[in-house]
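Structure record follows, encoded as structure tokens.
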Amino acid sequence: MLTSVDFSGRELGMIKLMADFFAEKPELTAKIESYTTAHYALMTTYSENFGIPAEDAWKVFEELERKMNEAEYLHVEAPYPLKKWYSLSKEEINMLRVLTDYFSEKPKMSPESAFAATRAESIIEAYKWFFGTTEGNGDYARESYRNLTEKIQTALSIKLETLAPVVATPNPYEAVLKLLQIAGDKLKLDPGMHEMLKRPMRTIIVNVPVTMDDGSIRVFTGYRVQYNDVLGPTKGGIRYHPDLTLDEVIALSAWMTLKTAVTGLPLGGGKGGIRCNSKEMSTGELERLTRGYTRALARFIGPRLDVPAPDVYTDAQTMAWIMDEYSQMVGYNAFGVVTGKPVDIGGSLGRNEATSRGVMYTIIEAAKHLGTELQGATVAVQGFGNVGFHAARLLNELGCKIVAVSDSKGAIFNAEGLNPTEVLEHKNKTGSVTGYKCCKALSNEELLELKCDILVPSALENQITKANASKIKAKIVAEGANGPTTPDADETLFKNGVFVIPDILANSGGVIVSYFEQVQNQMNYYWTEQEVRSKLENTIVNAFNDVLEVAQRYKVNMRIAAYMNAVKRIADAMSFRNCKTFVSVVERRNVVAK
Ligand code: NAD
């Protein structure tokens, strides 16, 4: 399938540097007069210009080279006032390939003698040499070269379209499969059931055309994966992210299946998302995208089938658009089609902070079990979005000291403790937690390795890996995010005595209160915030203690124990229902209707 992939800021910087190298008056690379290899010259200049280690520069270049090899089409975004996307011609793409190749460790597209009088002539020579005389006639090459450098040097961003499968690294689906295997083996799970649990029940891929503010049309790829519905309607968030992959959505939907099961909810698991950079889109563009995605999925979602919710870079407003579009299609107010809605249109009190409140309840239980005093305990929170901010605020209210927080731009540290609400005000004003008064700046990596009592990763997957697991000094890691720890890192943490409250348990507060929202929508009767909180506490504390009991009985870590509880509940349900096929409730209903 043709997938759209954005170049990262670092990759864009590298391409600009390469173009600058061949420009008539180089600015960034003017210092390079002589060099042993073009590759080495680029790496050192890049690392000096952008202040990043040379080994990172190598990685950026490798990724860039791979993307260039796999690109079918390339598009560049012209700067203001145009701010419009242009497609590169075949010749310009080829020229960019020659340019990239020129800087590779072993260039294949340039002859050893491709050193002409000027740098620009060298690259034109290389182009002619590789593409032959038909395409590579000098004037033609010169024109492609001029057009390309002009577009690149002013580009706001670059994206490509590729037919190559886009896979997240490390692949979180692989992590799910590994853990399902371990839990299945411990439970002596029937092999047939294991086979069913390894795969999603249904995967939906949609391409949504959106008219952008400048009048152009862009097509965005969206996914919805309904992993397993044996326990009830599938449930799970919708994520907007430029690097989203299908495998990531499958993994997230599997985690949702396990999460609803481990907490004893009458729900299955699903997840969805769209590959898009929501930060660069206007509210109108986001609304049109969300409504288009809803129309494309309308046959497959619904209060009794599959109920989406917010996730990374989506919020109550996104849910309101989905609910409204779906309601218009079915002809009545279908409040229950999504959860995480604004309270005025069927949202539940307490949903906004539910995930973080759940994280806090599980930390309280873990502290009781470990005999850790929470008053004055030091906390580092990675990610300062919905989950991270509320987790920091609630733990602070409990008496913990929040010593560090971070977002995608970096981390801040203050040994005396931070006031999360004031940090949020700063973030709302400036766009980031970085630069907040009286704080030391840290990288996200340094935040994870801080000496503290409690670490709450609340950003994205694969943050604690084999590479940094042995450096984690926290006593408790409460996973606010989904999949922040890779399985090999888990083993190291367990060996080192770090008590990990796994994602499917720690951050299940969100889906628990989402379930309460569904119940309230169905009754059309709404609970007080206090009722929501006490029901949440009751549900998550019971789930925590059930998992702890299994962890102690089988001498396994909390994650494996949580998987074992969840898998057992799903397998029991499949066995009661005698599930031998993937035909879900929707398909059976359609069969009956015919
Ligand atoms: P959000 O979009 O509100 O916040 C994400 C935060 O992470 C932002 O502050 C962003 O700047 C930061 N971030 C992004 N990349 C980062 C990086 N490399 N290093 C540090 N920070 C980075 O999203 P959210 O709703 O808070 O979700 C966060 C995580 O929690 C996700 O893994 C999500 O799947 C999980 N989760 C969310 C909910 C929920 O109810 N919102 C429920 C369960 C699990």
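The values are calculated or read from the model by the stated rules, or taken from the named source; none is laboratory data. Keep in mind that this is a model prediction, so the values were computed, not measured. When we count neighbours, we look across all protein chains shown, and the Cβ atoms used for this are built from the backbone with ideal geometry, even at glycine. Please note that ligands, DNA and RNA were not included when accessible areas were found on the heavy atoms of the full protein model with its side chains. Shrake-Rupley method; radii C 1.70, N 1.55, O 1.52, S 1.80 Å.
A P(r) calculated from all alpha carbon pairs of segment 235-386, with 5 Å bins opening at zero, reads 2, 8, 15, 20, 19, 15, 9, 6, 3, 2, 1, 0 percent. Taking a ≥ b ≥ c as the square roots of the eigenvalues of the alpha carbon gyration tensor, segment 400-455 is oblate, as a/c is not under 1.5 and a/b does not beat b/c. Heavy-atom accessible area for Thr318, with the other protein chains in place and a 1.4 Å probe, reaches approximately 10 Å². Between Ser89 and Thr283, the simple label model (points 7 Å from Cα in the Cβ direction) yields a spacing of 4.2 nm. Charge tally around Ile540: other residues with Cβ under 9 Å, Lys/Arg +1 each, Asp/Glu -1 each, net -1.
The Cβ shell under 15 Å around Arg288 holds other residues with a net charge of -4, Lys and Arg each +1, Asp and Glu each -1. Summing +1 for each Lys or Arg and -1 for each Asp or Glu, what net charge is found among the other residues whose Cβ lies under 13 Å from the Cβ of Glu529? It works out to a net charge of 0. Quick one: of Lys235/Lys495; Lys409/Lys495; Lys473/Lys495; Lys429/Lys473; Lys401/Lys427, which pairs are farther than 24 Å apart, Cα to Cα? Over 24 Å apart, Cα to Cα: Lys235/Lys495; Lys409/Lys495; Lys429/Lys473. Once the Cα-Cα distance is subtracted from the 0.36 nm per residue extended length, the Thr430 to Gln153 segment shows a gain of 97.0 nm. Please work out whether segment 344-480 counts as rounded, prolate or oblate from its C-alpha gyration tensor, where a ≥ b ≥ c are the square roots of the eigenvalues and a/c under 1.5 means rounded, while otherwise a/b larger than b/c means prolate and anything else oblate? The shape class here is rounded.
Working note: Karplus 6.51/-1.76/1.60 with θ = phi - 60° gives segment 268-276 the couplings x, x, x, 6, x, x, 10, 6, 7 Hz, where Gly and Pro are set to x. Reachable aspartates and glutamates from Lys440, Cα under 20 Å, same-chain residues fewer than 8 places away excluded? Lys440 reaches Asp407, Glu416, Glu422, Glu425, Glu449, Asp453. Between segment 449-475 and segment 334-387, the alpha-carbon centres lie 19 Å apart.
When a 1.4 Å probe is rolled over the protein heavy atoms, the share of accessible surface on the chain that falls to carbon and sulfur comes to 52 percent. Per-residue 3J(HN,Hα) values for segment 442-448, derived from phi via the Karplus relation 6.51 cos²θ - 1.76 cosθ + 1.60 with θ = phi - 60°, read 10, 8, 4, 5, 5, 4, 4 Hz in sequence order (x marks Gly and Pro). Amide H contacts of Ile464 (H built 1.01 Å from N, in plane; Pro and chain starts excluded): Thr485, Thr486 sit under 5 Å, all sequence-distant by 5 or more or on other chains. The helix-only estimate of mean residue ellipticity at 222 nm for the chain, built from DSSP H runs of length n ≥ 4 each weighted as -39500 (n - 2.57), is -15500 deg cm²/dmol after division by the residue total. For segment 11-149, the square roots of the Cα gyration tensor eigenvalues, ordered a ≥ b ≥ c, give a/c below 1.5, which places it in the rounded category. Span-like helix check, the chain: qualifying full DSSP H segments, with Cα axial length of 20 Å or more and mean Kyte-Doolittle of 0.5 or more, are 246-262. Counting only protein chain heavy atoms and rolling a 1.4 Å probe, the accessible areas of Glu62, Glu365, Glu121 rank, largest first, as Glu62, Glu121, Glu365.
Eigen-decomposition of the gyration tensor built on the alpha-carbon atoms of the chain gives equivalent ellipsoid semi-axes of 45, 29, 23 angstrom, largest listed first.
If I take every Cα pair under 8 Å that is 6 or more residues apart in segment 399-534, average their sequence separation and divide by the length, what percent do I get for the relative contact order? Reported relative contact order: 16 percent. Centre-to-centre separation between the Cα atoms of segment 190-209 and those of segment 390-443: 39 Å.
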